[in-house]
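The values are calculated or read from the model by the stated rules, or taken from the named source; none is laboratory data. Everything quoted here is computed from the prediction, not taken from an experiment. Positions of Cβ are backbone-derived with ideal geometry, glycine not excepted, and every protein chain shown enters the neighbour counts.
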């Protein structure tokens, strides 16, 4: 009042609870601080120890193991593996198609003569070898091309299969001309895209 000193306004603080009296209300939980510790910048990285979780700790890889892994991930190994797989699959497919073909073993000069079992087996073997070679070449070309394309692009997606299928089909078809090469490129690319979509 008047010329007296201004009074300082102080916030009213709750008096401390007497012994045996009611406890003060708990401090409200700060969710922002909790989130920072859980998923924010203050989150502490947790080291997972397989031994502590009951698992078997894996020893560090030796240089020989790393060398074997690099060799198995190389394009040459993938191409060789696809070549062997294509040879086996092509041989089985050739023998199967020869087994259901009624003209196997027949001589076109004498169509009324019944072929012997030896002639039938010989024709089945020749067809199986022919299919095996073709499948092996196509498998090796496709696998090697896909590996090179994937290494160049640095990505593993459906585009690698389409590009490698087009290159493989075009290379095979160009032996019969430009039109056959274009058709082979489109056909192999579409087939590769369909297989990749089905597998993924």
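Within the range 104-122, being modelled with pLDDT under 80 and touching a helix residue (DSSP H, G or I) at 6+ places or on another chain (Cβ under 9 Å) holds for 104, 105, 106, 107, 115.
Results for (1) in contact with a helix residue (DSSP H, G or I) (Cβ under 9 Å, 6 or more places away or on another chain); (2) at pLDDT 65 or above; (3) closer than 27 Å to residue 143 by Cα, shown as yes or no for each residue.
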position: 39; (1), (2), (3): no, yes, no
position: 52; (1), (2), (3): no, no, no
position: 64; (1), (2), (3): no, yes, yes
position: 71; (1), (2), (3): yes, yes, yes
position: 76; (1), (2), (3): yes, yes, yes
position: 79; (1), (2), (3): yes, yes, yes
position: 82; (1), (2), (3): yes, yes, yes
